[in-house]
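Notes follow the structure.
The values are calculated or read from the model by the stated rules, or taken from the named source; none is laboratory data. These numbers come from a predicted model, not from an experiment. Here Cβ is always computed from backbone atoms with ideal geometry, including for glycine, and neighbour counts include all displayed protein chains.
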Amino acid sequence: MRLLILGTGNMAGAHATHFAAIEGVTLAACVDIDAARAGAFAREHGIPAVYASLGEAILAGGFDAVANATPDSVHFPTTMEALEAGLHVFCEKPLATNLADARIMTEAAEDAGVVNGVNLTYRNVAALQKAREVTADGRLGEIRHFEASYLQSWLVQPAWGDWSTEEWWLWRLSSAHGSNGVLGDVGIHICDFAVFAAGSDIRAITAQLKTFHKAPGDQIRDYILDANDSVVMTAELTCGAAGVIHATRFASGHLNDLSLRMYGTEGGLEVTNKGPLGTLRICEGDDLETATWRDVALSPVPTNYQRFARAVIAGRGRMSPDFATAARLQSVIDAALLQPSAAVPV
């Protein structure tokens with residue numbers, strides 16, 4: 001697979017490193033409107049060709065797949081351009097900034113018959129993949145309740161650096177710069193964490209989004225800090241289970257922690273992303289009598305990068321998670337963004 005890296009910012013480095021380590025993958029080219037950054041990126045990763053635009057790269061040819069690591073707001077036009085050229089596309093999450101665009105991208109990928117994937121990175125966690133096996137095997141019985149959380153702290157914890165001076169953080173706080181806030185940035189991950197483990201999509205939500213005062217006039221340079229910082233949702237899955245999902249950038253004491261608790265008629269599980277494989281505990285069978293939880297042994301699983309590359313190299317048209325998966329998650333994000341908040345009478 002000859003791969004073009006589209007965008008050479010922070011996440012592009014992860015794409016280049018992971019794909020370069022896969023047998024059969026060649027990093028053929030990179031694209032960025034910032035020529036100096038693109039040149040430095042190409043030298044760092046041994047990429048032979050550098051282009052200022054995707055259109056220029058397509059005219060030159062020499063690659064058959066695109067890893068789209070551009071900012072969220074650019075995913076739609078660049079992915080559509082790649083699909084129109086008949087290229088396989090692996091896109092950073094979220095697929096788009098709204099459901100209408102995500103559906104158009106999904107339909108275009110299906111019509112083009114190309115491999116399409118979205119980098120929902122926590123699918124790489126072995127514990128989550130094992131949790132999916134557990135529920136699919138019916139070991140929890142019928143799922144009734146779940147709790148899912150994604151806790152970050154970069155707005156309050158110095159371990160992340162100074163968010164107020166770096167564009168890498170600031171754009172995530174500004175809707176004008178294409179951000180849907182913590183909901184679109186990491187809320188999509190925790191929603192996927194829950195629905196993938198359950199094997200059941202979200203069919204209804206209520207949501208409260210909160211944006212906190214963070215700077216004088218709620219603005220730093222040309223970044224208006226209006227995107228949501230915390231989100232709390234109640235949700236119902238298509239299987240009938242009810243639960244809560246929340247995400248925040250104000251979780252002091254936490255760096256990047258995902259957790260899920262899921263309970264059924266025959267048992268419960270707890271899964272996290274901690275450590276190289278994550279962690280998974282189950283209480284089931286005779287252990288229910290004493291509420292005893294046991295750790296589950298885990299083994300490494302293929303990454304999204306590997307699943308995409310293998311699908312392209314093998315000539316198959318599918319990988320998971322694909323554009324359709326991301327579009328379903330985008331429907332949840334759109335619904336939450338449209339929810340009005342209401343004061344409780346006192």
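The set of residues in segment 79-102 that are crowded, with 21+ Cβ neighbours inside 10 Å and not in a loop (DSSP other than H, G, I, E, B) comprises THR79, ALA82, LEU83, HIS88, VAL89, PHE90, CYS91, GLU92, ALA102.
Pairs are defined by a Cβ separation below 6 Å, a sequence spacing of at least 6 or placement on different chains, a first member in segment 144-163 that is within 18 Å of GLY187 (Cα to Cα), and a second member that is in a loop (DSSP other than H, G, I, E, B) and of a type in the set (Phe, Trp, Tyr); the pairs so defined are LEU155/PHE250.
Any residue at all in segment 163-183 that's crowded, with 22+ Cβ neighbours inside 10 Å and on the phi > 0 side of the Ramachandran plot? Steps first, please.
Quick first cut of segment 163-183, residues crowded, with 22+ Cβ neighbours inside 10 Å only: 172-173, 179-183.
With the extra rule that they be on the phi > 0 side of the Ramachandran plot, the set shrinks to 181.
Scanning segment 163-183 turns up at least one residue that is crowded, with 22+ Cβ neighbours inside 10 Å and on the phi > 0 side of the Ramachandran plot.
For beta carbons closer than 6 Å, sequence separation of 6+ or different chains, a first residue in segment 275-296 that is over 15 Å from ALA127 (Cβ atoms) and without any contact (Cβ under 8 Å) to a residue 60 or more places away in the chain and a second that is surrounded by 11 or more Cβ atoms within 10 Å (Cβ to Cβ) and not acidic (Asp, Glu), the qualifying pairs are CYS283/GLY267; CYS283/GLY268; CYS283/TRP293.
Please tell me if ALA326 is outside any helix (DSSP H, G or I) and either under 17 Å from the mean Cα position of the chain (by Cα) or of a type in the set (A, V, I, L, M, F, W, C) (or both). Don't jump to the end; show me each part of the working.
Details: outside any helix (DSSP H, G or I): no; either under 17 Å from the mean Cα position of the chain (by Cα) or of a type in the set (A, V, I, L, M, F, W, C) (or both): yes.
No, not satisfied.
Per-residue answers, yes or no, for (1) more than 30 Å from GLY285 (Cα to Cα); (2) of a type in the set (A, V, I, L, M, F, W, C); (3) in the same structural domain as ALA194 (by TED's automatic domain parsing):
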residue: ALA215; (1), (2), (3): yes, yes, yes
residue: ARG221; (1), (2), (3): yes, no, yes
residue: VAL231; (1), (2), (3): yes, yes, yes
residue: THR234; (1), (2), (3): no, no, yes
residue: TYR263; (1), (2), (3): no, no, yes
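When segment 132-175 is limited to residues that are within 25 Å of PRO321 (Cα to Cα) and of a type in the set (Asp, Glu), the one that is nearest to the chain's Cα centre (by Cα) turns out to be GLU147.
Looking for whichever is modelled with pLDDT of 95 or more, surrounded by 14 or more Cβ atoms within 10 Å (Cβ to Cβ) and under 30 Å from GLU23 (Cβ atoms) here; the options are ALA297, ALA324. Which one fits? Selected residue: ALA324, the only one of ALA297, ALA324 that is modelled with pLDDT of 95 or more, surrounded by 14 or more Cβ atoms within 10 Å (Cβ to Cβ) and under 30 Å from GLU23 (Cβ atoms). Within the bounds of segment 208-221, is there any residue that is at pLDDT 95 or above, aliphatic (A, V, I, L, M) and under 24 Å from LEU338 (Cβ atoms)? The answer is yes, given that some residue of segment 208-221 is at pLDDT 95 or above, aliphatic (A, V, I, L, M) and under 24 Å from LEU338 (Cβ atoms).
Identify all residues within segment 81-109 that are of a type in the set (D, E, K, R) and free of Cβ contacts under 8 Å to residues at least 12 places away in the same chain; write none if there are none.
Taking segment 81-109 first, the residues of a type in the set (D, E, K, R) are 81, 84, 92-93, 101, 103, 107.
Passing the criteria: only GLU107.
Residue count for segment 15-54 under the criterion of being in contact with a strand residue (DSSP E or B) (Cβ under 9 Å, 6 or more places away or on another chain) and either hydroxyl-bearing (Ser, Thr, Tyr) or closer than 25 Å to LEU170 by Cα (or both): the result is 13.
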